[in-house]
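First comes the structure, then the notes that go with it.
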Amino acid sequence: MSFCLETYLQQSDDYEILLSRAGFKDCAKIIEEKSPEIVYVKAGEKILGVRLIGIPPIPIGVDEEKGTIILTYTKPCYGTAAIELPVDSEELDKIKSVAIEK
Amino acid sequence: MKKALILLGCPESPAQTPMAVYAAYKLTDMGYDVTIASNPAAMRLLDVSDPEEQYVNNKIDLESCLENLNEGDYDLLLGFVHKDAAVAFFVTFYHVLNTKSIALIFEKDPSQLEDFEKQVSESTEAQIVSAKAYHNPTPIRVKFDRALEQLED
């Protein structure tokens, strides 16, 4: 079964919210500041089972050593959050395969 | 039949629901099959505003709409942009659909209005219809009507 971010955030507690109820630009900035590696993707690209919402190119922070990524998560009434969560190497490869140039 | 998608934001802005009903009415009159995508709270306001679905026939949940959206599904995207998150949603729908698009931007704070206009214009080629508005939908309606006249030309 493929990974689903929405379900994961509801059922797990091993993720960290770095910023919440913020603007997309602020969350993109924190991802770029806090991540050793950045992968950029198109708006609407399916990442971890959901379409990523934002202003392209959308940054995804990658920390291979920790095995985590940081991505933006947007809800209409709550703004955007930057969330760090663990991913396996297979998911990481999938994310890198849809990377675009900044 | 041409298909239009109206994308609603957070229902916090009082002008959103009446403008959504009005836009659905106008676009239907122009021959579009209109669908409104919104979160559940915005949809409940539409349900109460148009109980017999005189104006809004097709309503869809925002997130499931986005998950299943493909390029070419709609001929026109009309996005209501009055919050930072709404900018992000509109730009995302724009890039997935890759179709003719209008951003209806309204805010009471002029600096935020300018910021939303800038973000949309820098990341899309959508037509921008913007007005300083909050409770009173008239400034938005007037500019929206003008944009629709251009659309028909």
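The values are calculated or read from the model by the stated rules, or taken from the named source; none is laboratory data. As the structure is a computational prediction, the values presented were derived from the model and not from experiment. Cβ atoms come from the backbone with ideal geometry, glycine included; neighbour counts cover every protein chain shown.
A few points about this structure:
- Residue within the stretch A:41-60 that is surrounded by 22 or more Cβ atoms within 10 Å (Cβ to Cβ), out of contact with any Gly (no Cβ under 9 Å at 6 or more places or on another chain) and away from every other protein chain (no Cβ under 14 Å) present: yes
- Qualifying residue in the stretch A:62-78 (condition: touching a residue at least 60 places away in the same chain (Cβ under 8 Å), more than 30 Å from B:Ser121 (Cβ to Cβ) and hydrophobic (A, V, I, L, M, F, W, C)): no
- Set side by side, the residues B:Ala20, B:Ala4 differ, and just one is touching a Ser or Thr at 6+ places or on another chain (Cβ under 9 Å), of a type in the set (Gly, Ala, Ser) and more than 22 Å from B:Glu125 (Cβ to Cβ), which is B:Ala20.
Residues are listed down the side, and each one gets a yes or a no for (1) within 14 Å of A:Thr74 (Cα to Cα); (2) assigned to a strand (DSSP E or B):
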{"site": "A:Leu18", "(1), (2)": "yes, yes"}
{"site": "A:Arg21", "(1), (2)": "yes, yes"}
{"site": "A:Lys25", "(1), (2)": "yes, no"}
{"site": "A:Lys29", "(1), (2)": "no, no"}
{"site": "A:Glu33", "(1), (2)": "no, no"}
{"site": "A:Ile38", "(1), (2)": "no, yes"}
{"site": "A:Gly44", "(1), (2)": "yes, no"}
{"site": "A:Ile53", "(1), (2)": "yes, no"}
{"site": "A:Gly61", "(1), (2)": "no, yes"}
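- Among the criteria (1) of a type in the set (Lys, Arg); (2) under 27 Å from A:Ala28 (Cα atoms); (3) at pLDDT 95 or above, the one B:Lys108 does not fulfil is (3).
- Boolean, B:Tyr55 is within 14 Å of the chain's Cα centre (by Cα) and buried (at least 18 other Cβ atoms within 10 Å of the Cβ): no
- Residue list for the stretch B:22-36, filter: without any contact (Cβ under 8 Å) to a residue 40 or more places away in the chain, in a strand (DSSP E or B) and not charged (D, E, K, R): B:Val34, B:Thr35, B:Ile36
- Pairing each residue of the stretch B:47-69 that is more than 14 Å from every other protein chain (Cβ to nearest Cβ) with any residue that is of a type in the set (Phe, Trp, Tyr), provided the two are 6+ apart or on different chains, yields C-beta distances under 9 Å for B:Ser49/B:Tyr55; B:Gln54/B:Tyr25; B:Tyr55/B:Tyr22; B:Tyr55/B:Tyr25; B:Val56/B:Tyr25.
- Taken over the stretch B:70-81, residues that are away from chain A (no Cβ under 13 Å) and exposed (fewer than 15 other Cβ atoms within 10 Å of the Cβ) amount to 1.
- Across the stretch A:71-83, a minimum of one residue is classified as more than 14 Å from chain B (Cβ to nearest Cβ) and within 30 Å of B:Ala41 (Cα to Cα).
- The single condition among (1) over 12 Å from A:Pro59 (Cβ atoms); (2) of a type outside the set (Gly, Ala, Ser); (3) surrounded by fewer than 17 Cβ atoms within 10 Å (Cβ to Cβ) that A:Glu33 does not meet is (1).
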